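Notes follow once the structure below has been shown.
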Amino acid sequence: MKIMKIINTQKRLIIAIVGLALIAAIISGVALFAEYIKSSRAKRVIASYGDEGSLFSSNYLVMNSNTAVNVYKRIFYTESGDSPVSGGVTVCNYAQGNPTRVYESDIEYVLTARLVMLGESAGMYVKNNATAGDVGAHTVRIKLKDSGTVTLSSSNLSHTFAASTLSHRSAVTDICDLEFDSGFKDAGSLCLYLCATPTGSQAGVHTLDAVFTVALNTGEARNVWEGEFNEKTNTGVPAQPYYDGFNYMITGMGSGNCTLSWNNQKLQISQVFLSEHGLTPTVAGNQSSVTFPVDSDIVNRYDVQFYYADSSVTFSSWSELTGTSSSDGYVKLVYVESAE
């Protein structure tokens, strides 16, 4: 009988040891899996919002790494010069065009509105705070979500709204309604500046901003699509291994076809962008291109990523990559308006 007890005790001990070993293996496996996931996300792209687009995004505001230097201009067009001009600016917790992919945690941000004067220096936009004299009789009425309407004017040049939170539990779109007075199209350099600033530090969540003005739709002016690198005004050199890729933003008004071309010996385009839009590049030597239809009434912005073609590619400066006023860069966008 004593022998049987010893045998049973040994069996229980063996089972316990095996169980502990299995638990240790499982814990080890989880640790290894977590480390793999962490390391798989280590790829550094300067704007770090992936092929799918930023998960803190807007229909008009642009992700801006340096709001003091980078200025992005947006225009609301009007068919009539006698009526106020209205528009809606969104702030979302998902990539534009893909509300099924929501940011993993809540995003709290603060929206600031300010009247500014827009100028140019060395071929770049420059914004400065407007004075009461600059504003004169012009006004902009602003309403964020369900807040009360705020009017910017010569006596109220700026306003900061209370912090707003985009819940991670679903796709959320905050709408900021704007109404410019009927004469704002004749306000010269006067513009409205909007800036959505995250209150915390979260991966891939960056400040969104833009300046807005009003213009009369003359037909020709409205129908323009343009592309530019988000990072074109950054300092330093766009060299590996510091950057793995670059974000190219295509925005515009009107409908027609855009042809996007790039030097395939220097850059590769995002395969996700090609797949989402059913595009197959045409290749001619070191130039690749895709042509796709655009209609701003449906989508007025596309975010594309380009990567280095291989590990040997280097750029001596940002102007080599993006081009200058007198020379093309390695990516080019050509827009052809649809025939009426």
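Tell me which residues, restricted to region 313-323, are open to solvent by less than 40 Å² (accessible area, probe 1.4 Å) and modelled with pLDDT under 85.
317, 318, 322, 323
What pairs can you find where one residue is in region 171-184 and in contact (Cβ under 8 Å) with a residue 24 or more places away in the chain and over 20 Å from residue 216 (Cα atoms), the other is open to solvent by 10 Å² or more (accessible area, probe 1.4 Å) and assigned to a loop (DSSP other than H, G, I, E, B), and their Cβ atoms are less than 6 Å apart, with a gap of 6+ or different chains?
So the pair list comes out as 174/145.
Checking the conditions here, which among 104, 108 is part of a loop (DSSP other than H, G, I, E, B), modelled with pLDDT of 50 or more, under 23 Å from the mean Cα position of the chain (by Cα) and of a type in the set (Asp, Glu)?
Details: 108 fails: part of a loop (DSSP other than H, G, I, E, B).
Testing whether each residue is part of a loop (DSSP other than H, G, I, E, B), modelled with pLDDT of 50 or more, under 23 Å from the mean Cα position of the chain (by Cα) and of a type in the set (Asp, Glu) leaves just 104.
Among the residues of region 177-210, count how many are farther than 22 Å from residue 129 by Cβ and touching a Lys or Arg at 6+ places or on another chain (Cβ under 9 Å).
Residues that pass the stated criteria total 2.
Just the residues that are buried (at least 16 other Cβ atoms within 10 Å of the Cβ) and more than 16 Å from residue 247 (Cβ to Cβ), please, taken from region 324-335. Before the answer, list the steps.
Keep residues of region 324-335 that are buried (at least 16 other Cβ atoms within 10 Å of the Cβ), which gives 329-331, 333, 335.
Correct list: 335 only.
Against the definition (surrounded by 13 or more Cβ atoms within 10 Å (Cβ to Cβ) and within 21 Å of residue 179 (Cα to Cα)), how does residue 90 come out, yes or no?
It is true that residue 90 is surrounded by 13 or more Cβ atoms within 10 Å (Cβ to Cβ) and within 21 Å of residue 179 (Cα to Cα).
Quick one: count up the residues across region 159-176 that are under 23 Å from residue 128 (Cα atoms) and open to solvent by 60 Å² or more (accessible area, probe 1.4 Å).
1
Could you tell me whether any residue of region 242-254 is open to solvent by less than 30 Å² (accessible area, probe 1.4 Å), at pLDDT below 85, outside any strand (DSSP E or B) and out of contact with any strand residue (DSSP E or B) (no Cβ under 9 Å at 6 or more places or on another chain)?
No, the conditions are met nowhere in region 242-254.
Kindly indicate whether any position in region 62-72 is within 14 Å of residue 192 (Cβ to Cβ), modelled with pLDDT under 90 and either of a type in the set (Gly, Ala, Ser) or open to solvent by 50 Å² or more (accessible area, probe 1.4 Å) (or both).
no
For region 267-290, name all the residues that are farther than 23 Å from residue 60 by Cα and of a type in the set (Val, Ile, Thr).
269, 280, 282, 283, 290
Could you identify the single residue in 309, 339 that is over 27 Å from residue 57 (Cβ atoms) and surrounded by 13 or more Cβ atoms within 10 Å (Cβ to Cβ)? First the steps, then the outcome.
Details: 339 fails: surrounded by 13 or more Cβ atoms within 10 Å (Cβ to Cβ).
Every option except 309 fails the conditions.
Which residue out of 163, 132 is under 23 Å from residue 71 (Cβ atoms) and among the small types (Gly, Ala, Ser)?
Values: 163 fails: under 23 Å from residue 71 (Cβ atoms).
Checking each option against the conditions leaves just 132.
Every residue in region 112-158 that is of a type in the set (Gly, Ala, Ser), outside any strand (DSSP E or B), open to solvent by 50 Å² or more (accessible area, probe 1.4 Å) and modelled with pLDDT under 95, please.
122, 123, 148
Can you find even one residue in region 192-199 that is buried (at least 16 other Cβ atoms within 10 Å of the Cβ), over 18 Å from the mean Cα position of the chain (by Cα) and modelled with pLDDT of 90 or more?
yes
Quick one: residue 298 ticks every box in (1) under 21 Å from residue 251 (Cα atoms); (2) surrounded by 12 or more Cβ atoms within 10 Å (Cβ to Cβ) except a single one, so which number is it?
(2)
The values are calculated or read from the model by the stated rules, or taken from the named source; none is laboratory data. Every value quoted in this text rests on a predicted model; they were computed, and no experiment measured them. Please note: Cβ atoms are built from the backbone with ideal geometry, for glycine as well, and neighbour counts cover all protein chains shown. Side chains are part of the model used for accessible areas, which takes the heavy atoms of the whole protein and leaves out ligands, DNA and RNA. Shrake-Rupley method; radii C 1.70, N 1.55, O 1.52, S 1.80 Å.
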